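Step one of this worksheet: look at the structure below.
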Amino acid sequence: MTTPEPKPAPPLTMRDVAARLGVSAMTVSRAIRGDSGIAEPTRQRVLAEVAALGYRPNDLARRLRSGLAHGLVGLVVTSLANPFYSQLSVGVEQVATERGAGLLVASANGDADRERELVEDMSARRIAGLIVVPAGNDHRHLDPRQLEGAPVVLAATPPRDIDVDCVLVDDFGGTYAACRRLIERGHRRIGFLGLPASLWTGSERYRGYAAALEDAGLPVDDRYVSRHRGDIELAEAATRHLIGLAEPPTALITANNRNTIGALRTMQHSPTPVALAGFDDIELADLLQLPLSVVAYDAAEVGREAARLLFDRIEETTTPQTAARPARTQRVVIPTRLVDYPRVPAP
C-alpha cells in the first residue's frame, strides 16, 4: 500500500506574518512597501520577521487583483469643480502611480443616480477597486458584493448599510475649534452657513458648531442658521439675509469653501464688520483684507490614505486564505488645524 504524499503546506500569507507579530496585515503590507506612518521600530520588527519566515510577497498580487483585464482603479467624486475633490484626486493618483495602476476619475455632480451609473460602468470595466465620495445616503450599490468583489473605500463619509473602509476629516472637531476661537474673541451672536443635515459633513459640522456654543453657555439661535448644499450664490444670499437682521450676527462660520467664498463676496460690501471662520482652506486667503480663520487639513492626504486602504484591500483579495478571513474595516480620520489670516510674520 502506497503511503500518500503529504499535502504541501499552504503558501505563507501576509496575515500569517501579522498574526505572529500581533499587528494588522495592513501594518505588515505598509512596512514591506516602506510607506510612511509606521514607527521605525515596528517596521524593523516586521522586516525581521519577514526575513526569518522567508515570506515573499506576490508582486502582481500587491498591485492588482488577479484576473483583471486592466490595471485600473476607479474614483467617483461629487464635483471636480470643488478644490477639495481636485486635491483628493491628486492624492489618489499619487498612490495609484506608485503601485503601477491607472486611475479612472469621474464626477457625479452631486447626483446619486448619476453616481450609480458611474459605479456600474466602472464595475463593467473590471476595475481593481473603487474609491467613492458618496452623493447620497444610500450606499447599497457600493457593496463590494455588487461589484464582483472589487474592494471599495469611501472618502469624507462613513458607510451606511455596507461594511467597507472609510477616510474622514475631523468635521466635528474642526468646526468646534473654529467656533471656540470666535467665542474666545468675544463673539456671542455667531451665525452658521451650513450644509444639508442629510450629509455627513453637514450634520457633523453643525454638531461641532452647536456643541461649542452650548459648552460656552450660549444658545443655538435658529435665526442665525442657514443649511443648504454648498453653493456660492446661495451662500451670498444667506449672508445678505443674516447681516440684514435687526440683530445681525457679529461672526459667521461657513461649513465649506464654497460657502466661505459666497460669504466673503457679500461681506466686502457690508458696512458692518463681521468676523468669519470657514471650514476648508481657500486659495489666495493670505491676500484678503478681511480677517479670516480657516479649518485647514491636507485634502490630498485624504485621497492618499483612501488609496492606501484600497490597495491594502486589493492585496488581501488575491489569496484564498486572506480573502476568506478579511480584516476588520478601517476608519481613518484626518486631523484639522486652525489657520488665521492675514498671517503675522515671525519677528
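Any chance you could count how many residues in the stretch 256-270 are without any contact (Cβ under 8 Å) to a residue 40 or more places away in the chain and part of a loop (DSSP other than H, G, I, E, B)?
Summing the residues that are without any contact (Cβ under 8 Å) to a residue 40 or more places away in the chain and part of a loop (DSSP other than H, G, I, E, B) in the stretch 256-270 gives 3.
Take the conditions in contact (Cβ under 8 Å) with a residue 60 or more places away in the chain and touching a strand residue (DSSP E or B) at 6+ places or on another chain (Cβ under 9 Å) and apply them to Ile253. Does it pass?
yes
This table checks each residue for (1) modelled with pLDDT of 85 or more; (2) of a type in the set (Gly, Ala, Ser); (3) not in a strand (DSSP E or B).
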| site | (1), (2), (3) |
| --- | --- |
| Leu234 | yes, no, yes |
| Arg240 | yes, no, yes |
| Thr272 | no, no, yes |
| Gly278 | yes, yes, no |
| Ala327 | no, yes, yes |
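Take Tyr176 and decide whether it is over 18 Å from the mean Cα position of the chain (by Cα), aromatic (Phe, Trp, Tyr) and open to solvent by less than 30 Å² (accessible area, probe 1.4 Å).
no
In the stretch 181-199, how many residues are within 10 Å of Pro249 (Cβ to Cβ) and in a loop (DSSP other than H, G, I, E, B)?
3
Determine if the stretch 135-146 includes at least one residue that is surrounded by fewer than 24 Cβ atoms within 10 Å (Cβ to Cβ) and within 17 Å of Val333 (Cα to Cα).
no
Against the definition (open to solvent by less than 30 Å² (accessible area, probe 1.4 Å), in contact with a Cys (Cβ under 9 Å, 6 or more places away or on another chain), in a strand (DSSP E or B) and not charged (D, E, K, R)), how does Val153 come out, yes or no?
yes
From the list Leu80, Leu68, exactly one residue is among the hydrophobic types (A, V, I, L, M, F, W, C), within 15 Å of the chain's Cα centre (by Cα), at pLDDT below 90 and in a loop (DSSP other than H, G, I, E, B). Which is it?
Going through Leu80, Leu68 in turn, just one is among the hydrophobic types (A, V, I, L, M, F, W, C), within 15 Å of the chain's Cα centre (by Cα), at pLDDT below 90 and in a loop (DSSP other than H, G, I, E, B): Leu80.
Answer with yes or no whether Ala300 is assigned to a helix (DSSP H, G or I), out of contact with any strand residue (DSSP E or B) (no Cβ under 6 Å at 6 or more places or on another chain), open to solvent by less than 50 Å² (accessible area, probe 1.4 Å) and at pLDDT 95 or above.
Considered against the rule, which asks whether it is assigned to a helix (DSSP H, G or I), out of contact with any strand residue (DSSP E or B) (no Cβ under 6 Å at 6 or more places or on another chain), open to solvent by less than 50 Å² (accessible area, probe 1.4 Å) and at pLDDT 95 or above, Ala300 comes out as yes.
Among the candidates Ile131, Ile162, which residue alone is of a type outside the set (Gly, Ala, Ser), assigned to a loop (DSSP other than H, G, I, E, B) and within 18 Å of the chain's Cα centre (by Cα)?
It is Ile162.
The values are calculated or read from the model by the stated rules, or taken from the named source; none is laboratory data. It should be emphasised that the depicted structure is a prediction, and the values quoted were computed from it without experimental measurement. Note that each Cβ is placed from the backbone with ideal geometry, even for glycine, and that neighbours are counted across all protein chains shown. Areas reflect the complete protein model, heavy atoms only, side chains present, ligands, DNA and RNA absent. Shrake-Rupley method; radii C 1.70, N 1.55, O 1.52, S 1.80 Å.
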